[in-house]
1. Suppose the chain between Asn106 and Leu72 were pulled fully straight at 0.36 nm per residue; how much longer would it get relative to their current alpha carbon spacing?
2. Using a Förster radius of 30 Å, what is the FRET efficiency between Ser134 and Gln114 based on their Cβ-Cβ separation? Nearest 0.05, please.
3. Ignoring everything but the protein chains, give the 1.4 Å probe accessible area of Val222 in square angstrom, nearest 10.
4. As a test question: what accessible area, to the nearest 10 Å², does Asp197 have when a 1.4 Å probe is rolled over all protein chains in place?
5. With r as the distance between the Cβ atoms of Thr224 and Ala182 and R0 = 25 Å, compute the FRET efficiency 1/(1 + (r/R0)^6) and round to 0.05.
Amino acid sequence: MTRRSRAQRGLMRGCCALVVFAVVVVGAAIFLAVRATAAPDLGAAPRGPSDGDGQTAIAVKLAAELVPQLLLSSDGTVTLSEQDLTVLVNEHGAGGLSGATVRARNGQLVVSGQHPFGPFSLTPVARLALALDSGSSPPKLTTQVAEFDVGQLGVPGFIRDRLLGSLSSSIDLGQLFGGVPALQALAANIECAAVVDGDAGQQQPGLRIGVHRPGAGTNTAVCTS
């Protein structure tokens, strides 16, 4: 075999390898694009009841439910339905998502919405784990993003942190309770908060909030009983 023949064969091998690499890259890009633009499986639409079309209206309704309970018992609970949570998240910007919705699933709040990406409209989905920080005054609801997907494609943590923006602060109990005098007086007595799973046969899935009467002890079990 001449030197020229060996060079030609090496060139052919290099071209074949380049073609194979290009096919793999294009195939991977198509796979990712299909997964990212696919509709996620979110289950049933957010359920009610709907307590108002804004934060103030919702707060007034919660106060009307909670105050009578505390007149008769040391503890009371109210539940922000999935529809209520959807209203609150959209009112506070929804982290840049349009048409955001909130669902209670598997002990977490699932927030989804639309986000433009070039000629496409993607559906980011954030699964939020909630906890009540009773060490702050008044107690503060803390949010941690447990999982973030775009369509049916999982997104690494360092990317989701840049994309989510203010989504994790969209549900603020301090703002909700601070908007109505009756709730403002009880904000320091929030004792627990728990996601009521919509898949567990509960009549009203959403975020359950427990509050104790001023002067009474804390009973965190009221949110899960």
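1. Here the segment from Asn106 to Leu72 would lengthen by 9.0 nm.
2. 0.25
3. The accessible area comes out at roughly 20 Å².
4. It works out to around 40 Å².
5. 0.50
The values are calculated or read from the model by the stated rules, or taken from the named source; none is laboratory data. Being a predicted model, the structure only gives us computed values, none of them experimental. Glycine gets a Cβ as well: all are built from the backbone with ideal geometry, and neighbour counts include every protein chain shown. Quick note on the areas: whole protein, heavy atoms, side chains included, nothing else; ligands and nucleic acids left out. Shrake-Rupley method; radii C 1.70, N 1.55, O 1.52, S 1.80 Å.
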